[in-house]
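See below for the structure under consideration.
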Amino acid sequence: MKHILILALALLATLPAQAQNAPSSTLSVDQVWARATPGGAKTGAVYLTVVNGTASDDKIVGASTPAAREAQLHTMIDDNGVMKMRELKSIDVKAGATVTLKPGGMHVMLLGLTKPLKPGDSFSLTLEFEKGGKKELTVAVTKAGAMGMGNMGGTGNMPGMGNMDNMPGHDMGSMGGHGMGGKQN
Ligand SMILES: [Cu+2]
């Protein structure tokens, strides 16, 4: 009897420990949002935050959405003081890293919007990871000029970010030569 009791106690002692050791090995995507687009704009940008809680390096290798003809991975580069967008083949998300796509930096570019993005709307976006596979996301549309999800509810405004509304190069109305075939009249 004594052995059985000890065995039972030992089992009880190990159970909670095992539960705590369960790794939170997930790849998650949060704060998925896009700015509302003005009238006839055919392009938009999606911003999001990827948290790689796994032990392996991963990368975003593609995106697609029913809301646009094409979705590309973009970054912005400073070309002699002029901000320009450049397509990326992939976006690295190292093990344990948090990568944020935000205005002025990396984004998922939407080309050929099927309809304007209106504040309060949402649409689906599929983000594809090299190892993590496809993630189905819901993109929340915020008002034009918003800097983040926080602007939707009036909380969490980001102080110190400055006003980048008028940043050259990301004005959706003046994106000549942006892989759109060149002619936008
Ligand atoms: Cu872009």
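Just a few scattered comments:
- Looking at the range 78-134, the strands (runs of 3 or more DSSP E) lying wholly inside it that each contain 1 or more residues that are within 14 Å of the ligand (Cβ to nearest atom) sit at 82-88, 91-93, 98-101, 107-113.
- Out of ALA71, ALA41, one residue alone is under 21 Å from ALA144 (Cβ atoms), in contact with a Gly (Cβ under 7 Å, 6 or more places away or on another chain) and in contact (Cβ under 8 Å) with a residue 12 or more places away in the chain. It is ALA41.
- Number of the condition not met by SER28 [criteria: (1) of a type outside the set (Asp, Glu); (2) more than 15 Å from the ligand (Cβ to nearest atom); (3) crowded, with 17+ Cβ neighbours inside 10 Å; (4) outside any loop (DSSP other than H, G, I, E, B)]: (3)
- Condition broken by VAL108, with the remaining ones in (1) surrounded by fewer than 20 Cβ atoms within 10 Å (Cβ to Cβ); (2) at pLDDT 95 or above satisfied: (1)
- Across the range 73-105, the qualifying residues are those that are acidic (Asp, Glu) and surrounded by fewer than 12 Cβ atoms within 10 Å (Cβ to Cβ), and the one among them that is farthest from ALA63 (Cα to Cα) is ASP79.
- When the range 41-77 is filtered for residues that are more than 14 Å from the ligand (Cβ to nearest atom), within 14 Å of the chain's Cα centre (by Cα) and either more than 30 Å from LYS118 (Cβ to Cβ) or of a type in the set (Phe, Trp, Tyr) (or both), the ones remaining, listed by number, are ASN52, LYS59.
- Being of a type outside the set (Ser, Thr, Tyr), more than 16 Å from the ligand (Cβ to nearest atom), modelled with pLDDT under 95 and within 12 Å of TYR47 (Cα to Cα) holds for only one residue in GLY154, GLY148, and it is GLY148.
- Filter pass, GLY105 being on the phi > 0 side of the Ramachandran plot and out of contact with any Gly (no Cβ under 6 Å at 6 or more places or on another chain): no
The values are calculated or read from the model by the stated rules, or taken from the named source; none is laboratory data. Nothing here was measured: the structure is a model prediction, and the numbers come from that model. Methodologically, a virtual Cβ is constructed for each residue, glycine included, from the backbone with ideal geometry; neighbour enumeration extends over all protein chains shown.
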